[in-house]
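In what follows, a structure is listed as structure tokens, so that the remarks can point back to it.
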Amino acid sequence: CHVIYTVPIQMIYSPRVPQLEDNYGKPDVLPLVMVRSISGKPNEAGLDKLKELICRRLMHIDPELPNYLDTYVFDSAATRQRLCFMSGGHMRVLMQLFQKAMDQIDELPITAEAAQIAIQEQRDTYRTGISKERWNLLARVHASKQMENDEDSLLLLLNRCLTEYRYYDEEMFLKQWCDVHPLLEDFSQFQAATSGLPKNEA
């Protein structure tokens, strides 16, 4: 592949998509790694892919490090999996969490406490950019698992406040669903917005 054209996300979710496809072919959408199912349970296949990503990065430092991933690099598999889950399946966020956790320790392994501090620091980057109305929008998407193609929703998706996952079901139908980023779920604003939904939506 000699050239990769990237397309603003607003164009993918717009009436201009057929024109794009006529001119350049069908655009490939790179969804996030699905770290949880639509019911909210951890998705082991997705978490294993993020584990593979971490191992590949570690091999550049020392080819033996992946063999001691959950004993020397992390204090436990649970600590590693928590960081992977809280990334929402976004590889860049995972690497940011990994780096922030490393900053909390003088030597390996990365502890559960260091991972928690990294998560809290990463969460705080989202807080100031979300207005009350957008907390309500996040709560609605969390309840319905669907996103509207309006400006606010696209902005939240672009800012990684919303996550989008895609997969093929057993009959090879493409399925798509959205949710709030796991980093946002513990905010009191999100909890308040979720509790304020009518019972048939919550």
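The values are calculated or read from the model by the stated rules, or taken from the named source; none is laboratory data. Worth saying up front: this structure is predicted, and the values here are computed from it rather than measured. Please note: Cβ atoms are built from the backbone with ideal geometry, for glycine as well, and neighbour counts cover all protein chains shown. Note: areas computed on protein heavy atoms with side chains; ligands, DNA, RNA excluded. Shrake-Rupley method; radii C 1.70, N 1.55, O 1.52, S 1.80 Å.
Overview of values
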{"quantity": "Test: residue in region 171-187 that is open to solvent by 80 Å² or more (accessible area, probe 1.4 Å), part of a loop (DSSP other than H, G, I, E, B) and hydrophobic (A, V, I, L, M, F, W, C)", "calculated": "yes"}
{"quantity": "Subset of region 132-159 (residues that are assigned to a loop (DSSP other than H, G, I, E, B) and either of a type in the set (Ser, Thr, Tyr) or open to solvent by less than 60 Å² (accessible area, probe 1.4 Å) (or both))", "calculated": "Lys145, Met147, Asp150"}
{"quantity": "Cβ-Cβ under 9 Å pairs, at least 6 apart or on other chains, region 174-190 side more than 12 Å from Cys161 (Cβ to Cβ), far side among the basic types (Lys, Arg) and open to solvent by less than 70 Å² (accessible area, probe 1.4 Å)", "calculated": "Leu174/Arg166; Lys175/Arg166; Gln176/Arg166; Trp177/Lys145; Trp177/Arg166; Asp186/Arg123"}
{"quantity": "Ile105 part of a helix (DSSP H, G or I) and β-branched (Val, Ile, Thr)", "calculated": "no"}
{"quantity": "Any hit, region 107-117, residues being at pLDDT 95 or above, open to solvent by 20 Å² or more (accessible area, probe 1.4 Å), among the small types (Gly, Ala, Ser) and closer than 24 Å to Glu44 by Cβ", "calculated": "yes"}
{"quantity": "Residue satisfying all of: in region 1-17; open to solvent by 100 Å² or more (accessible area, probe 1.4 Å) and among the hydroxyl-bearing types (Ser, Thr, Tyr); nearest to the chain's Cα centre (by Cα) among these", "calculated": "Thr6"}
{"quantity": "Filter result (touching a residue at least 12 places away in the same chain (Cβ under 8 Å) and touching a strand residue (DSSP E or B) at 6+ places or on another chain (Cβ under 8 Å)) within region 151-170", "calculated": "Ser153, Leu156, Leu157, Cys161, Leu162, Thr163, Glu164, Tyr165, Arg166, Tyr167"}
{"quantity": "Among the candidates Leu50, Leu58, Leu32, Leu20, residue that is over 29 Å from Lys145 (Cβ atoms) and surrounded by 11 or more Cβ atoms within 10 Å (Cβ to Cβ)", "calculated": "Leu58"}
{"quantity": "Filter result for Asp70 (open to solvent by less than 60 Å² (accessible area, probe 1.4 Å), at pLDDT 95 or above and not hydrophobic (A, V, I, L, M, F, W, C))", "calculated": "yes"}
